[in-house]
Amino acid sequence: MRNNPYLVALASLFALLQAPLTSHAADENKLEVFSWWTSGGEAAALDALFSVYKKQDAGVEIINATVAGGGGSAARPVLQTRLAGGNPPDTWQSHPGWELLGQYVEPGYCEPITDLYKSNGWDRAFPKELVVDLMTKDRQIYAVLAGIHRGNVLWYNTKLLEKNGIKVGDTITCDQFFAACDKLKAAGIPALGVGDSQIWASAQLFENTLLGVVGPKGWTDLFSGAMQWDDPKVKEAIKLFGKMQDYVNPDHSALSWDQAIKALMEGKVAFSSMGDWADGEFLKANLKEKEDFGWVSHPGTAGSFIIVADGFTLAKGAPHKEAALAWLKSIGSKEAQEAFNRLKGSIPARTDVDRSKFDAYHQWSMDSFAKDKPVASCVHGEAAPAAFQQALNDAVTTFLVDKNIDNFANALVQAARESPSAK
């Protein structure tokens, strides 16, 4: 009886049926969060999100699946491989706009989270222009924003500028910037700190410079096709970008973006044009606003706000869907938005937070976001498809070697022809 083949087969089948149920039950109290936040300020801000979530769902084990590399340069290929292979994390960091909608929603890797917006009143708390324009497809919303960074910020070492007799006002022109650079160069100091071991940092320097020349309307015209990429204004921006290379730290290609910011903190360089995730590094290092570091809009860009927003998705077929939904709900809460953005350098995506909890830089950024012209970043995947984003990185890489303005412009013209319209 005990060796009856029928009973043995039946027992084996029963064991097979039980195995996934047992395994699933053991894994239910987990949540895998995929991001690229690994620098000091980024990691501290991510931990703040985790802390708020754990207060609401204390029994869940968080799997922190971070992949180092600024702007997601190393993380996105890893994520793409996992998604294509049917092995998604429960939720992952994504920039809204083309990156979210083109790379993740269009192929069917995300589930909509529109119901979260309705049930939590987020339709009244989050800016409609961001939610509708950059995170919605077919009337369904696919991400919740943790915060909004400003890309076009010029940071500076206050004491180093004072020592060299350089004053920066509320705004700065290109002529004023280059005059300061010449003064610093004469003193043997690299004026402009860049860390482009990942080329996006130099691409962002170009992006900021381009906005300073074409303005917000020109920006919209470029990405809608109304202005061509070989327009004289674009070439003027390329020329200015080329001139900036004369003042860059010689070790730029060996440094990451945060190492370049560290060089600024240490007084090895005077300026750095970088998104306000840099502010998170200053905060982590306990530097004091206005005393140790200062900021101004990148030359020529006062009145414009380059949006680099960070959101999180819900994976289609998320292994731990309920935990993922609870995570997204937590991120959208006032408590999480206030805890995270104070450390990250970004401002809350919610417009109803307590502003008194934020420092002077955040107040400045909040004021700018409220009144200035918002434009979506190309370098960070919002304004254009991934193919054009990569073409821009490649054009910048080539230009840093050959300094050929026409080749740079023509490469962008060709990339724009081959990519779908940004509208």
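The values are calculated or read from the model by the stated rules, or taken from the named source; none is laboratory data. None of the values given here were measured: they were computed from a predicted structure. Reconstructed Cβ throughout: ideal geometry from the backbone, glycine too, with neighbour counts over all protein chains shown. In case anyone asks, the SASA skips ligands and DNA or RNA and just uses the protein heavy atoms, side chains included. Shrake-Rupley method; radii C 1.70, N 1.55, O 1.52, S 1.80 Å.
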Practice task
Within the stretch 296-307, identify whether any single residue is open to solvent by 20 Å² or more (accessible area, probe 1.4 Å) and more than 25 Å from residue 186 (Cα to Cα), and answer yes or no.
Solution key: yes
Practice task
Looking only at the stretch 403-423, count how many residues are at pLDDT 95 or above and either open to solvent by less than 70 Å² (accessible area, probe 1.4 Å) or outside any helix (DSSP H, G or I) (or both).
Solution key: 10
Problem - Options 58, 65: the member that is part of a loop (DSSP other than H, G, I, E, B), surrounded by fewer than 22 Cβ atoms within 10 Å (Cβ to Cβ) and at negative phi - result: 58
Handout entry: Those residues of the stretch 254-281 which are farther than 16 Å from residue 310 by Cβ and in a loop (DSSP other than H, G, I, E, B), in sequence order
Key = 255, 256, 266, 267, 268, 269, 270
Practice task
List every residue pair whose Cβ atoms lie under 9 Å apart, where the two residues are 6 or more positions apart in sequence or sit on different chains, the first residue falls within the stretch 292-314 and is farther than 21 Å from residue 269 by Cβ and outside any loop (DSSP other than H, G, I, E, B), and the second residue, located anywhere, is acidic (Asp, Glu) and open to solvent by 10 Å² or more (accessible area, probe 1.4 Å).
Solution key: 304/372; 305/372
Practice task
Please state which of the following conditions residue 341 fails to meet, knowing it meets all the rest: (1) open to solvent by less than 70 Å² (accessible area, probe 1.4 Å); (2) closer than 20 Å to residue 33 by Cα; (3) in contact with an Asp or Glu (Cβ under 9 Å, 6 or more places away or on another chain).
Solution key: (3)
Exercise for the section: Being among the polar types (S, T, N, Q) and over 23 Å from residue 90 (Cβ atoms) is the filter here, so list the residues in the stretch 302-345 that pass it. Expected result: 304
Handout entry: Every pair of residues 6+ apart whose Cβ atoms lie under 8 Å, when the first sits in the stretch 199-224 and is at positive phi while the second is at pLDDT 95 or above and open to solvent by 20 Å² or more (accessible area, probe 1.4 Å)
Key = none
Handout entry: Condition check for residue 220: in contact with a His (Cβ under 9 Å, 6 or more places away or on another chain) and assigned to a helix (DSSP H, G or I)
Key = no
Completion exercise
Those residues of the stretch 326-382 that are over 24 Å from residue 101 (Cα atoms) and assigned to a loop (DSSP other than H, G, I, E, B) come to a total of 7
Practice task
Could you list, in sequence order, all residues of the stretch 71-121 that are among the aliphatic types (A, V, I, L, M), open to solvent by 10 Å² or more (accessible area, probe 1.4 Å) and under 20 Å from residue 383 (Cβ atoms)?
Solution key: 101, 105
Fill in the blank from the handout: Reported set for the stretch 62-77 where residues are closer than 21 Å to residue 255 by Cα and of a type in the set (Val, Ile, Thr) is 66, 67
Exercise for the section: Residue by residue through the stretch 184-196, note down the ones that are buried (at least 18 other Cβ atoms within 10 Å of the Cβ) and in a loop (DSSP other than H, G, I, E, B). Expected result: 189, 190, 191, 193, 194, 195, 196
Practice task
Exactly one condition in (1) surrounded by 20 or more Cβ atoms within 10 Å (Cβ to Cβ); (2) under 22 Å from residue 152 (Cβ atoms); (3) touching a strand residue (DSSP E or B) at 6+ places or on another chain (Cβ under 8 Å) is not met by residue 378; state its number.
Solution key: (3)
